[in-house]
Amino acid sequence: MSDPITLNVGGKLYTTSLATLTSFPDSMLGAMFSGKMPTKRDSQGNCFIDRDGKVFRYILNFLRTSHLDLPEDFQEMGLLRREADFYQVQPLIEALQEKEVELSKAEKNAMLNITLNQHVQTVHFTVREAPQIYSLSSSSMEVFKANIFSTSCLFLKLLGSKLFYCSNGNLSSITSHLQDPNHLTLDWVANVEGLPEEEYTKQNLKRLWVVPANKQINSFQVFVEEVLKIALSDGFCIDSSHPHALDFMNNKIIRLIRYR
């Protein structure tokens, strides 16, 4: 047994053995730790590699076992593929290619279910009528909520590239609000008559936009139309057996399916 070796990969420390690091001699790691390539050291004397430290765990585990083990909700396949290309672990590159084919086949058939809720509430705010003169005002505000579930993680990513929240005067992708790879909840409001722009920020009221059309979504009808455009372009079709036609027409429940 060789002495343990500590690696600093992008600031994250890993401890392993020389035998593990040279288990694939033709890889970059094999060359680095067999003396064929120079290695850098950090201030603690650990071997330093300026690459992504988080996904290196999967590369190291492959060196140990020759098996690709990823969690079911793994979302960084592209990054892992680039890192495998950098380290030139050819069996890992091939295993990733097989995994991506497997995931692609699983993504072909998919279901999309959207449940919509809407209510009206009163928002109170101050209006500046003159310097140092303010009045209290109120207005009715439509509040929307959409619970979106899809068996296709890739479709939710696609949806996230089209829908944006407007908050603090900036647009931000809804992908940061993914609860998990298959579930997304959206909350937003329509434009409120007479509400000053700064009040949206102060009261944490988010508005929803669709790009590249640059259209604000002020009703469920517009929301449904835009989501249907995105879903139909990705191969989905309306599931005629569910939900009830009245629920669909009233924008309460939308279910789409995709067969390929």
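The values are calculated or read from the model by the stated rules, or taken from the named source; none is laboratory data. If you're wondering where the values come from, they're calculated on a predicted model, not measured in any experiment. A quick note on method: Cβ atoms are made from the backbone with ideal geometry, for glycine too, and the neighbour counts reach across all protein chains shown. Protein only, heavy atoms only, side chains kept; ligands, DNA and RNA dropped before computing areas. Shrake-Rupley method; radii C 1.70, N 1.55, O 1.52, S 1.80 Å.
Take the conditions (1) in a strand (DSSP E or B); (2) open to solvent by 60 Å² or more (accessible area, probe 1.4 Å); (3) of a type outside the set (S, T, N, Q); Ile114 misses just one of them, which is (2). A count restricted to segment 71-91 and to residues that are open to solvent by 40 Å² or more (accessible area, probe 1.4 Å) and assigned to a loop (DSSP other than H, G, I, E, B) stands at 6. Go through the residues of segment 171-179 one by one and say whether even a single one is open to solvent by less than 60 Å² (accessible area, probe 1.4 Å), in the same structural domain as Val210 (by the TED database) and in contact (Cβ under 8 Å) with a residue 60 or more places away in the chain. No, there is no match, as no residue in segment 171-179 is open to solvent by less than 60 Å² (accessible area, probe 1.4 Å), in the same structural domain as Val210 (by the TED database) and in contact (Cβ under 8 Å) with a residue 60 or more places away in the chain. A single entry from Ser43, Ser27, Ser66 fulfils the requirement of being more than 29 Å from Pro181 (Cβ to Cβ), surrounded by fewer than 17 Cβ atoms within 10 Å (Cβ to Cβ) and at pLDDT 90 or above: Ser43. The one condition from (1) open to solvent by less than 90 Å² (accessible area, probe 1.4 Å); (2) polar (S, T, N, Q); (3) at pLDDT 85 or above that Asn251 does not meet is (3).
Does segment 127-147 include one or more residues that are in a helix (DSSP H, G or I), surrounded by 14 or more Cβ atoms within 10 Å (Cβ to Cβ) and within 20 Å of the chain's Cα centre (by Cα)? No, that holds for no residue. In segment 189-201, is there at least one residue being free of Cβ contacts under 8 Å to residues at least 40 places away in the same chain and part of a strand (DSSP E or B)? Within segment 189-201 (the criterion being free of Cβ contacts under 8 Å to residues at least 40 places away in the same chain and part of a strand (DSSP E or B)), the answer is no, since none of the residues qualifies.
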